[in-house]
Amino acid sequence: MNRKRAVVIAVLTLALVVLVSLWIAGGLLSAPANQPVGNLPPDLPGESVQFGSESGSTIHGWLIPGRKQSGAVVLMHGVRGNRTNMLSRARFLSRAGYTVLLFDFQAHGESPGQHITFGFLESRDARAAVSFLRARAPGERIGVIGISMGGAAAILAAPPLEADALILEMVYPTINQAINDRLEIRFGRLGRVLAPLLSIQLKPRLGISTSDLRPIDRVSSIHHPKFFIAGANDYHTKVEESRALFAAAAEPKELWIVDGAKHEDLLSFAGQEYERRILLFLERHLRNSQSKISTPAAAP
């Protein structure tokens, strides 16, 4: 009897430790990722800007002017990142003549916020950023490049962003899949058992539910051209999940699966090929407004 009791106590203690650990992990994952960003690098002449967002935050960013009638692009970073993560993209876009807006989502970089919400409040920042760029670059067609959470925010925006073209990299289809994938990386199959213990924290912590974080349900309402990019070896957002998101999207759309790439900076990984494909897509959709948009086949 004593042995059975000891086993029960040990199991209950382990369960309590797991629950407490996951609660702490949930707090760490949603905690703000604020930090000083510094000045715009001298090789990118521009200005620091601020604008309000319905997320409740004052969004901090940089605006880099381009050539007139050459298009403009908003860059949206991933979770726990900030606008400095997008500087390499800003450089090649600026060289190509685009006006570029980089900014920190709420609770990231220098933009205040109480919690990271994995695309929910950040979608309001995405709308504010596009509206701000429209006001500062009147008459320009606008593109968006969203990385991971940044891409989710771009898709989740309601109503849809007033952008003319979207580039969406490594975007999770549902928050449940995102949590499952990340826990599976760390704990194997056990991760899928633990995942619901993180998912249920969304409501008490952030006031949102898993149904609020399902880009796969929203992407069919976006009818502007979309370019989806995924890493073939990405375990944070598996390639079959990226294909499912692409399949759910409204036309026109394109898909590029980057051979060998994981959940990483695809510009750093693919280099000139990344630049070539991005510039070609933006050239078609931001600089030739009279063109009839066809739907290319999905890349292998």
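The values are calculated or read from the model by the stated rules, or taken from the named source; none is laboratory data. Keep in mind that this is a model prediction, so the values were computed, not measured. When we count neighbours, we look across all protein chains shown, and the Cβ atoms used for this are built from the backbone with ideal geometry, even at glycine.
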Taking the conditions exactly as written (outside the structural domain of Arg186 (by TED's automatic domain parsing) and touching a residue at least 24 places away in the same chain (Cβ under 8 Å)), does Ala261 satisfy them or not?
yes
Looking at segment 18-31, can you tell me whether even one residue there is at positive phi and either in a loop (DSSP other than H, G, I, E, B) or at pLDDT 95 or above (or both)?
no
Reported set for segment 216-240 where residues are within 15 Å of the chain's Cα centre (by Cα) and either closer than 16 Å to Ala154 by Cα or not in a loop (DSSP other than H, G, I, E, B) (or both) is Ile216, Arg218, Val219, Lys226, Phe227, Phe228, Ile229, Ala230, Gly231
Could you go through segment 44-54 and let me know if any residue there is touching a Gly at 6+ places or on another chain (Cβ under 6 Å), over 26 Å from Leu266 (Cβ atoms) and modelled with pLDDT of 85 or more.
yes
Give the residues of segment 165-189 that are farther than 20 Å from Glu275 by Cβ and not hydrophobic (A, V, I, L, M, F, W, C), sorted by residue number.
Tyr172, Pro173, Thr174, Asn176, Gln177, Asn180, Asp181, Arg182, Glu184, Arg186, Gly188, Arg189
Tally the residues that are of a type in the set (S, T, N, Q) and crowded, with 16+ Cβ neighbours inside 10 Å, restricting the search to segment 269-286.
0
Can you pull out the residues in segment 179-207 that are touching a residue at least 60 places away in the same chain (Cβ under 8 Å) and either in the same structural domain as Glu122 (by TED's automatic domain parsing) or under 17 Å from Leu19 (Cα atoms) (or both)?
Leu194, Leu197, Leu198, Gln201, Arg205
Give the residues of segment 99-129 that are of a type outside the set (Asp, Glu), more than 11 Å from Ser53 (Cβ to Cβ), outside any strand (DSSP E or B) and in contact with a strand residue (DSSP E or B) (Cβ under 7 Å, 6 or more places away or on another chain), sorted by residue number.
Ala107, Ile116
Which is out of contact with any Ser or Thr (no Cβ under 8 Å at 6 or more places or on another chain), at pLDDT 95 or above, buried (at least 17 other Cβ atoms within 10 Å of the Cβ) and part of a helix (DSSP H, G or I), of Leu168, Leu183, Leu245, Leu194?
Leu245
